Amino acid sequence: MSFKLKPLAVALLLTIFLATTASAEFLLCISNKELKGEETVGSCVTKGERFAVVDEYGLVRILSPEEIALTKVLNSKVFETRAFSYRYIHLAPELPPLPLPSYVPGG
């Protein structure tokens, strides 16, 4: 690769990286319409409340009990955040990113 193309390639990769990480997703309670951050997601899940992930386009994915359980294993910080219903999406925090390990398991 010539020296003129290296900065262009780096800029392109950086742009792609920033574009793919800039999407906001929210975890919203769908079974209790009045939640406004008074409880954590974890305490609501314990009570049996249902949640959905909503992306920046308004697309919704309702989480199954299996998805909730796996999320607890992979990213427990999600359950420490305050819980909001879809009525208060404007107050809800973005989902915390997945904490990546500094090593590759099994590698």
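Bear in mind these aren't lab numbers, they're just calculated from the coordinates by the rules spelled out. Keep in mind it's a predicted model, so treat the numbers as computed, not measured. FYI the Cβ positions are ideal-geometry reconstructions off the backbone, even for glycines, and counts take in every protein chain you see.
Residues in region 42-68 that are closer than 15 Å to Phe26 by Cα, among the hydrophobic types (A, V, I, L, M, F, W, C) and out of contact with any Leu (no Cβ under 9 Å at 6 or more places or on another chain): Leu59, Ile62, Ile68. Count of region 21-57 residues, restricted to those that are of a type in the set (Val, Ile, Thr) and not in a helix (DSSP H, G or I), is 4. Scanning region 76-86 for residues that are surrounded by 15 or more Cβ atoms within 10 Å (Cβ to Cβ) and outside any strand (DSSP E or B) gives Val78, Phe79, Thr81, Tyr86.
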